[in-house]
Amino acid sequence: MKSISLLSAVAALALVASAAQAQTINSGQLLQGNVRAQLNAVVSTVRADLSATAAAIGNGFGADVSTGPAINNIQLFSGDATSILNSVVLDVNGDVTQLSTAIANRSSINTDAMEGRINNLQNANNGPTAILNTAVENVGGDMSATAAAISNAASINSRLSMVNSGQNNEAGVTASVESLVRNVAGKTTITAGAIGNVVSVTGF
């Protein structure tokens with residue numbers, strides 16, 4: 001009930017902006033269900049590179065435009081985002097890259113120039129969970145294994161006059177990695193990252 005009222009209020013503001021500026025971009029996303037991605041893989045004898053990815057994303061928004069008066073983005077997620085990657089990897093000549101990522105809300109906005117403003121609002125009522133279980137042996141190149149769980153993520157790259165960004169996370173965020181690694185010729189990187197809210201703004 002709270003998320004619906006919040007969506008209605010911000011959507012009303014977006015409609016006002018749309019009436020004033022015909023080129024305004026308005027995006028509203030509401031997801032109340034669960035998102036789950038699971039990959040179980042057994043791989044052996046690969047002569048090139050190997051990449052394995054499990055990704056669960058609740059709401060995603062992307063805008064790549066040349067110019068405009070305003071961009072309004074609203075994302076509300078009240079379900080569970082869960083990503084699970086289970087793998088056994090043997091005898092790979094090249095690089096091995098494994099990623100398990102769960103994201104509640106994600107937005108990416110790129111413009112050449114903005115005469116007006118960018119408004120970004122993201123709310124997550126349940127935290128995401130990313131799990132990676134892997135056994136890796138005999139890799140000729142580099143090996144990376146990453147579990148990344150993020151509630152709200154926004155990336156804004158534009159020459160603009162104003163940015164308004166609000167992010168709210170109301171639950172726990174979990175990232176877990178269990179790994180057994182043997183005989184890697186190159187660099188080995190193992191990462192578990194849990195992030196509630198993150199925003200990146202460049203281009204002023």
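The table below lists the values:
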{"read-out": "Residue count for the stretch 154-175, restricted to those that are farther than 17 Å from Asn105 by Cβ and either more than 17 Å from the chain's Cα centre (by Cα) or among the small types (Gly, Ala, Ser) (or both)", "value": "5"}
{"read-out": "Test: Val163 is hydrophobic (A, V, I, L, M, F, W, C), more than 22 Å from Gln75 (Cα to Cα) and touching a residue at least 24 places away in the same chain (Cβ under 8 Å)", "value": "no"}
{"read-out": "Residues of the stretch 42-68 satisfying the condition of being in contact with a Leu (Cβ under 8 Å, 6 or more places away or on another chain) and open to solvent by less than 40 Å² (accessible area, probe 1.4 Å)", "value": "Val43, Ala52, Ala54, Gly58, Asn59"}
{"read-out": "Residues (exposed (fewer than 14 other Cβ atoms within 10 Å of the Cβ) and either at pLDDT 95 or above or outside any loop (DSSP other than H, G, I, E, B) (or both)) located in the stretch 16-31", "value": "Val16, Ala19, Ala20"}
{"read-out": "Unmet requirement for Ala124, which otherwise passes all of (1) under 22 Å from Gly28 (Cα atoms); (2) within 15 Å of the chain's Cα centre (by Cα); (3) open to solvent by 60 Å² or more (accessible area, probe 1.4 Å)", "value": "(3)"}
{"read-out": "Residues of the stretch 155-195 satisfying the condition of being crowded, with 16+ Cβ neighbours inside 10 Å and either closer than 24 Å to Thr97 by Cα or in contact with a His (Cβ under 7 Å, 6 or more places away or on another chain) (or both)", "value": "Ser155, Val173, Thr174, Ala175, Val177, Ser179, Val181, Val184, Ile190, Ala192, Ala194, Ile195"}
{"read-out": "Residue check for Ser108: farther than 14 Å from Gly166 by Cβ, crowded, with 20+ Cβ neighbours inside 10 Å, out of contact with any helix residue (DSSP H, G or I) (no Cβ under 6 Å at 6 or more places or on another chain) and not charged (D, E, K, R)", "value": "no"}
{"read-out": "Inter-residue pairs, beta-carbon under 9 Å, first within 30 Å of Gln75 (Cα to Cα) and in the stretch 129-151, second of a type in the set (Asp, Glu), 6+ apart", "value": "Thr129/Asp80; Ile131/Glu178; Leu132/Glu178; Ser151/Glu170"}
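The values are calculated or read from the model by the stated rules, or taken from the named source; none is laboratory data. This structure is a prediction, so every number in the text was calculated from the model and none was measured. Using ideal geometry, Cβ is built from the backbone for each residue, glycine included, and neighbour counts are taken over all protein chains shown. Ligands, DNA and RNA are stripped out before the accessible areas are found, and what is left, the full protein with its side chains, is counted by its heavy atoms. Shrake-Rupley method; radii C 1.70, N 1.55, O 1.52, S 1.80 Å.
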